[in-house]
Ligand SMILES: [Zn+2]
């Protein structure tokens, strides 16, 4: 696989961005030695906690859970791709074992499968 360094750089940049965003809505913990992100409960205005304020916080927390889940899923894909680069199996389709199209990797460097098996 050529240009692995180029994809590695892209993956590492995206990883940094994701961790920054995750860090703004939650915090990282370790569960059984494995990293896990948990959304933080928002404290929008602790000085005047009336009912509508509470409702806003609950809504914001639910938003965070949804966003956090998606970002963490993406982060897992990126970790897996970086691991494949280390193992020398990057760019190989997980389904059929063929080379993943370079255009596909350029569009999504964390792709696990080729276009046919997408
Ligand atoms: Zn395939």
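The values are calculated or read from the model by the stated rules, or taken from the named source; none is laboratory data. Just so we're clear, the structure is a prediction, and the values are computed from it rather than from any experiment. Counting neighbours? That spans all protein chains shown, and the Cβs are built from the backbone with ideal geometry, glycine included.
Key figures for this structure:
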| quantity | calculated |
| --- | --- |
| Any hit, the stretch 37-44, residues being over 24 Å from the mean Cα position of the chain (by Cα) and part of a helix (DSSP H, G or I) | no |
| Number of the exception - residue 116 against (1) touching a strand residue (DSSP E or B) at 6+ places or on another chain (Cβ under 7 Å); (2) exposed (fewer than 14 other Cβ atoms within 10 Å of the Cβ) | (1) |
| Of all residues in the stretch 76-100 being within 13 Å of residue 4 (Cα to Cα) and surrounded by 15 or more Cβ atoms within 10 Å (Cβ to Cβ), the one that is farthest from the ligand (Cβ to nearest atom) | 82 |
| Meets criteria (at pLDDT below 95, within 16 Å of the ligand (Cβ to nearest atom), surrounded by fewer than 13 Cβ atoms within 10 Å (Cβ to Cβ) and part of a helix (DSSP H, G or I)) for residue 59 | no |
| Test result for residue 69, on the phi > 0 side of the Ramachandran plot and away from the ligand (no atom under 16 Å from the Cβ) | no |
| Among residues of the stretch 101-110, those that are within 16 Å of the ligand (Cβ to nearest atom), buried (at least 18 other Cβ atoms within 10 Å of the Cβ) and either without any contact (Cβ under 8 Å) to a residue 12 or more places away in the chain or closer than 27 Å to residue 24 by Cβ (or both), counted | 1 |
| Residue 32 in contact with a strand residue (DSSP E or B) (Cβ under 8 Å, 6 or more places away or on another chain) and either within 16 Å of the ligand (Cβ to nearest atom) or farther than 20 Å from residue 8 by Cα (or both) | no |
